[in-house]
Every structure is written in structure tokens, then in C-alpha cells.
Amino acid sequence: MDELIAKYSRKGVMLDSSVLILLVVGCYNPERIESFKRTNAFEKQDFVLLTRLLSKFERLVTTPHILTEVSNLCGNFHQQEKHPVFSQLVEVISRSSEESLASKDICNSPPFTRFGLTDSGIAVCAKDRFLVITADLPLFVLLGSLEVDAINFNHLRPLGWQ
């Protein structure tokens, strides 16, 4: 893993939707990670682990499709929490580099019919350009099969990665 971090520390890291929403919710309120429906598979320590890992990279890279998913998931917060959660999403977006791919091009990629727009877009966009961090096992397997460098966040969690 250290070699992947070294290889991509300047190029950038891309988070899948589930890991990006962990970042947004953790920045909003780490206490909400375990009680919010879309992040309750994570713990507060996972947010600490993620921020430590992200500090190794100069760029956080995302796509419009990832951001759309995360925005939609943030809409599941109670009305009184939506404004501060979306404010944190704005902060994350402002610190990110956004890479755009045309949906029609992603739809022509081999994984589209099985993985959909967001995950296929990650695979197409990241190949030979960015390291992907995902908590989604099917996406991790897909990325491996396409020789896209990726780290399964779930593999880091029990190690308390440094």
C-alpha cells in the first residue's frame, strides 16, 4: 500500500461514493457517522483513519457522478441537519478537483451494464491517473480486473492503518 500512496501522492486519490459520504458526514459531525443510515456501516475511527490517509495526497479527485450520488444521499438527513451537511459537502467540493467524463462515453465502457454510471465512471476516469479508495467490494474487484489501482478501505479498518 505504501508504494501506491507514493505513486499517487501527487497525482491524486479518488473516493467512491460511500467513502466520500463518510468524509462529508464526519466533517459535519463524527457522532452522526454510526447513526446516519448511509454511513452506519462505519465508525468514528474510520473517519479518523480516512482523514489520516487523505493527508498523504495532494489532490482529492472526484467526478460529477460521485458528487451527485453523495448529494442525493446527504438529502436523507433530517431537515434541520441538511444545511450544515450540505455546507460540509460544499467545503469538500471546494477542496476537490473534479474530472468530468461524458455519460455517453461511460455508457460505452464494458462495465457499464453491470456497474452503472458512477462506478463505471470511476473505473474509466481513474485508470493510470488516480488511486481509488473504495468500501464497495464489487467495485474493488472490478477495478482490479481492469488494472486500476485501488485500496479497499475495509482492508485498512482492522489494521488501524498509520
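The values are calculated or read from the model by the stated rules, or taken from the named source; none is laboratory data. The model shown is predicted, which means the values in this text are computed figures rather than measured ones. We place every Cβ from the backbone using ideal geometry, glycine too, and count neighbours over all the protein chains shown. SASA here: full protein model, heavy atoms, side chains in, ligands and nucleic acids out. Shrake-Rupley method; radii C 1.70, N 1.55, O 1.52, S 1.80 Å.
In this simple spin-label approximation, Lys82 and Glu34 carry label points 7 Å from Cα along the Cα→Cβ vector, and these lie 2.8 nm apart. Excluding Lys127 itself, calculate the net charge of residues whose Cβ lies under 10 Å from the Cβ of Lys127, where each Lys or Arg counts +1 and each Asp or Glu counts -1. Result for the local shell: -2. What net charge do the residues around Thr63 carry, taking every other residue with its C-beta under 9 Å from that of Thr63, with Lys and Arg at +1 and Asp and Glu at -1? Overall, the nearby charge balance is -2.
What is the Cα convex hull volume of the range 9-106 when expressed per residue in Å³?
Each residue corresponds to 96 Å³ of Cα convex hull volume.
A cut-off of 5 Å between modelled amide H atoms, ignoring neighbours fewer than 5 places along the same chain, links Ile133 with Met14, Leu15, Asp16, Ile151.
Per residue, the chain exposes 50 Å² of solvent-accessible protein surface, assessed with a 1.4 angstrom probe and all protein chains in place.
Here the Karplus curve 6.51 cos²θ - 1.76 cosθ + 1.60, taken at θ = phi - 60°, turns the phi angles of the range 76-84 into couplings of 7, 6, 4, 3, 5, 9, 4, 4, x Hz, with x standing for Gly and Pro.
Other residues lying with their Cβ under 11 Å from the Cβ of Tyr28 contribute a combined charge of -1, Lys and Arg counting +1, Asp and Glu -1.
Descending by average beta-carbon neighbour count within 10 Å, the peptides 78-85, 66-73, 105-112 line up as 66-73, 105-112, 78-85, the highest first. Rolling a 1.4 angstrom probe over the range 1-89 with all protein chains present gives an accessible area of which 48% lies on carbon and sulfur atoms.
So for the range 5-45, averaging the separation of alpha carbon pairs under 8 Å that are six or more residues apart and normalising by length, what relative contact order in percent results? Computed value for the range 5-45: 29 percent relative contact order.
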